[in-house]
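The values are calculated or read from the model by the stated rules, or taken from the named source; none is laboratory data. It should be emphasised that the depicted structure is a prediction, and the values quoted were computed from it without experimental measurement. With ligands, DNA and RNA removed, areas are computed over all heavy atoms of the protein, side chains included. Shrake-Rupley method; radii C 1.70, N 1.55, O 1.52, S 1.80 Å.
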Amino acid sequence: MSIENLNWDLPQLPYTLNVTVQAPHIDLMRHTNNVVYLQWLEDIAWAHSAALGLGPQEYEALGHGMVVRQHELNYLAATRLGERIVLGTWLTRADKLTLQRHYQFIREDDGLTVFRGRSEFVCVDIAEGKVRRMPPAFVAAYTGALVEPKL
């Protein structure tokens, strides 16, 4: 199934990654462990940021980075070994200090949304670990990718 045919929460197509649930992802309950979803959030956030021109090397060169201040995680349906999941993300808000990212994960075989989440990031000076304004390169890349969230 193509990503255009999936039932995304927002009218704009998200940035996507495809994953398949592997044996190490499975826990005692025989479904994908919650920690794996958190790893998938990080994976797609970094991939999307890098696609916008702000990967780890650019963060290092600019001396700034975005760190998580808050996650909201909503597990809607279990995923199991071998299932293919399409991870989707959008940037929905940005100001001089913070960035908000929404996520939706859809099981490819039946089109069911299995997870929704939201993360708020804050910009920090890497060397000092203190909150700082985003450098102009961050503002340009991240605000240029903003979409309107559903109200």
- prompt: Taking H as built 1.01 Å from N, whose amide H comes closer than 5 Å to the amide H of Arg93, not counting residues under 5 places away?
  reply: Gln100
statement: Whole-percent carbon and sulfur contribution to the accessible surface of the range 26-143 (1.4 Å, no ligands, DNA or RNA) stands at 54
message: Compute the helix-to-body angle for 34-51: its Cα long axis versus the longest principal axis of the chain, expressed 0 to 90° and rounded to tens.
response: 50
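I'd like to check one number: the per residue accessible area of the chain, probe 1.4 Å, reported in Å² as a whole number.
Result: 54 Å² of accessible area for each residue.
Counting residues in the chain as N, plug N into 2.2 N^0.38 Å and put the Cα Rg over that result.
Values: Rg = 16.0 Å, N = 151, 2.2 N^0.38 = 14.8 Å.
That ratio works out to 1.08.
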